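First the structure, in the form of structure tokens, and then the observations on it.
No lab work stands behind these numbers, since they all come straight from the coordinates. Since we're looking at a predicted model, the values are computed, not measured. Neighbour counts are summed over all protein chains in view; Cβ atoms, including those assigned to glycine, are modelled from backbone coordinates with ideal geometry.
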Amino acid sequence: MKNLLILGGGTAGTMMANKLRKELKASEWQIRIVDKDPLHYYQPGFLFIPFGIYQPHDIVRTKKEFLAPDIDLLINEVEEIKGRENKVLIKGGQELPYNVLIIATGAQVVPEETEGLKAELWHKDIFDFYTFDGSVALSKKLETWEGGKMVINLAESVIKCPVAPLEFTFLADAYFTDKGIRDKVEIIYVTPLSGAFTKPKATRILSKLLEEKNIKVVPDFYLQRVDNERKVIISYDEQEVPFDLLVSIPVNKGADVINRSSMGDEDGLNFVPTDKFTLQSKNFENIFVIGDATNVPASKAGSVAHFEAEILTENILSYVNGMPMEARFDGHSNCFIETGYGKATLIDFNYDTEPLPGKFPWPVLGPMGLLKVNRSNHWGKLAFRWVYWHMLLTGKKLPVSTHMSMAGKEVEPAKEEEVLV
Ligand SMILES: Cc1cc2nc3c(=O)[nH]c(=O)nc-3n(C[C@H](O)[C@H](O)[C@H](O)COP(=O)(O)OP(=O)(O)OC[C@H]3O[C@@H](n4cnc5c(N)ncnc54)[C@H](O)[C@@H]3O)c2cc1C
């Protein structure tokens, strides 16, 4: 019996276990997942909790219910990956041997990395919405908050779902408008990027939306510390932005076990050096990495984990059969961006092609619009929760191509009036 061991049973680990279970004979391969938490959180739902659009129970299920019966789930913390010995040490001292290892331990927020962020005002006037507890605490705060300066701040640019802070900002504008207190709230978006987003065409359109919604953007702001007494955030070059309510996207890092195993990349963020095409570890031939845990230059998003899972399944099957690994991940990422008032936009891009305007998934028909703000995109975003629980996690094939397609994309930039419908 051979062992395929998966570390992390979140989005990517669950998909990989279910996909590979269909392909690898149960009489030859044991598939085991280790995760420290028995619960599975639908993380895109963290965005909606603060505004009461989803309730906490809408986004939490057990991990076990998404795994095929002949996958072994072990709830325990991985202490160390011993790559040279083909073993993993778990809490309590047990060692788990493997023939093939998949690292799917994700990314986490680490507010402790920034001086003063997780201090006196934490969960009083400073919140995050990147964790279940953070988003629930923020929903309680917003219920009774009467207005003032709301600052949304990205401590770092490498974060999970890079568009989620913008979505939060747009939803906040709509939420306060609905509550009739928008005129009492100043919304300020403070980012280390030089614009609203990393890619030029999307940045142009998203910046225009921010302007229309009367949201001020402070670019090139590298957070150094938070002064709780004066209620200001301070950058490395001593710029200051005062706040009444700070919504922080703290530094994102890979799992602590990556650091404990000395497997992180050089920048100290604990992401695992990974071949960006094959998804094989750069240091160990029988270790593969997927999802937020990798250091590949793609977005850290569930959609990326999904496209990677298709590629990695093919490559692991080739690897175990002694064949060359020919499947190539192209960096495909696909994200809805909520813009408030029941509308959203959509971006689709990869390593080489930035988000372009057009129709998705079918040319002419759409019904979703790339870099267009419309209701179909919003319904697509809401429907995705059902797709996630019922199709994505269980490893079913979705009607979206693994590699980014140029079909439906307009290569020339769209005219302004076509964009903001
Ligand atoms: C607010 C927010 C909004 C988002 N919106 C979207 C969106 O709209 N679209 C989209 O595509 N993506 C979105 N994402 C991103 C998406 O949720 C992640 O990219 C995706 O979940 C990554 O999957 P993963 O398996 O790599 O990591 P995860 O799903 O986070 O799983 C990692 C698992 O590893 C486990 N683990 C870690 N360390 C250990 C250890 N030492 N021992 C045992 N277990 C361990 C954890 O418990 C966890 O279960 C959003 C994320 C956030 C936070």
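A few remarks follow.
- Per the Debye formula on identical point scatterers at the alpha carbon atoms of the range 111-251, with no solvent, log10 I(q)/I(0) at q = 0.11, 0.14 Å⁻¹ is -0.36, -0.60.
- 5 Å binning of all Cα-Cα separations within the range 330-421, expressed as whole percents from 0 upward: 3, 14, 23, 25, 20, 11, 3, 1, 0
- Once the chain from Lys25 to His57 is taken as fully extended at 0.36 nm per residue, the excess over their C-alpha distance is 7.9 nm.
- When both bridge partners sit in the range 111-251, DSSP labels roughly 30% of those beta bridges antiparallel.
- Alpha carbon centroid spacing (whole Å) that separates the range 228-277 from the range 39-59: 23
- Formal net charge of residues neighbouring Lys87 (Cβ-Cβ distance under 12 Å; K, R +1; D, E -1): -2
- Projected label distance in nm at Ser401 and Val136, using a 7 Å step from Cα toward the beta-carbon: 4.3
- Size of electric dipole in the range 330-421: Cβ of Lys, Arg +1 and of Asp, Glu -1, about Cα centre, debye, nearest 20: 580
- With at most 11 other Cβ atoms within 10 Å, longest stretch of the chain clear of loop GluC sites (Glu not before Pro) (DSSP): 327-421
- Counting lysine pairs in the range 1-108 that sit 8 or more residues apart in sequence, or on different chains, and whose Cα atoms lie under 21 Å apart gives 18.
- The Cα trace of the range 1-154 gives Rg and Dmax of 19.2, 63 Å, the first to one decimal, the second as a whole number.
- Kirkwood Rh and Cα Rg combined as Rg/Rh, the chain: 0.97
- Helical contribution to [θ] at 222 nm, DSSP H n ≥ 4, -39,500 (n - 2.57), averaged over the chain, rounded to 500: -7000 deg cm²/dmol
- The length gained by stretching the chain between Trp362 and Trp386 to full extension, at 0.36 nm per residue less their Cα-Cα distance, is 6.5 nm.
- For the chain, the share of DSSP beta bridges that are antiparallel, to the nearest 5, is 50%.
- Euclidean distance between Cα centres, the range 315-351 to the range 72-118, Å: 24
- Loop-located trypsin sites (Lys or Arg not before Pro) in the range 318-421 (DSSP state not H, G, I, E or B) with no more than 16 neighbouring Cβ atoms inside 10 Å: Arg328, Lys396, Lys397, Lys415.
- Multiplying the residue separation of Ser262 and Asn214 by 0.36 nm and subtracting their alpha-carbon distance yields 12.7 nm.
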